[in-house]
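The values are calculated or read from the model by the stated rules, or taken from the named source; none is laboratory data. Here the structure is a predicted model, which means the values were calculated and not measured. Every residue, glycine as well, gets a Cβ built from its backbone with ideal geometry; the counts of neighbours run over all protein chains shown.
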Amino acid sequence: MLRQVSPIVCKNCAARLAKWCYRKHWWFRLIREPLLLGMRLLAKWHRIDARTHVVRNPECHGCIRFMKAELEEKSPLFCFLNKHIGKRVNKLRDSMLAPEELAEAKRYAREAMEQKLK
């Protein structure tokens, strides 16, 4: 059975951005991790498993970007919360990082999307 690559396109690597924020600001985990837990609970409720997406880069396996994309399709509650909270958290996250780090996360995501499947 031939499995198709996920159609979800990444614009920046959320995992790298979070990792860099965690290194610089210990307290960022106190904001992000409860939100991730909420996303995981909503995903479980809606029977979403981000690990089922076929990805080009092994580091992308199970990324929250896939869970978020499916939640946006299936959960009005998630859409409401993401609209009101998600943008603020992203703005906070981006303010913690240097422009070079933001550019690196975009470059990495772009390259990960262009990789050929093995």
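Quick one: which residue in L17, L71, L35, L30 is more than 28 Å from E114 (Cα to Cα) and in contact with a Leu (Cβ under 9 Å, 6 or more places away or on another chain)? Only one candidate passes the filter, namely L35. Looking at I85, I48, just one residue is in a helix (DSSP H, G or I) and touching a Leu at 6+ places or on another chain (Cβ under 8 Å), and that residue is I85.
Residues in segment 88-118 that are exposed (fewer than 12 other Cβ atoms within 10 Å of the Cβ) and modelled with pLDDT of 90 or more: R88, K91, S95, A98, P99, E100.
Of the residues making up segment 38-59, just one is closer than 23 Å to E114 by Cα and of a type in the set (G, A, S), namely A50.
Total residues in segment 88-118 satisfying the condition of being outside any helix (DSSP H, G or I) and either aliphatic (A, V, I, L, M) or under 15 Å from the mean Cα position of the chain (by Cα) (or both): the figure is 3. Selection of segment 53-77 for residues being in a helix (DSSP H, G or I), touching a residue at least 12 places away in the same chain (Cβ under 8 Å) and either under 24 Å from A109 (Cα atoms) or in contact with a Pro (Cβ under 8 Å, 6 or more places away or on another chain) (or both) yields E59, C60, I64, R65, F66, M67, K68, A69, E70, L71.
Does V9 fit the bill of being under 25 Å from E114 (Cα atoms), modelled with pLDDT under 85, under 14 Å from the mean Cα position of the chain (by Cα) and loosely packed, with under 12 Cβ neighbours inside 10 Å? So V9 fits the description; yes. Of R23, R16, all but one fail to be in contact with an Asp or Glu (Cβ under 8 Å, 6 or more places away or on another chain), part of a helix (DSSP H, G or I) and among the basic types (K, R); the exception is R16.
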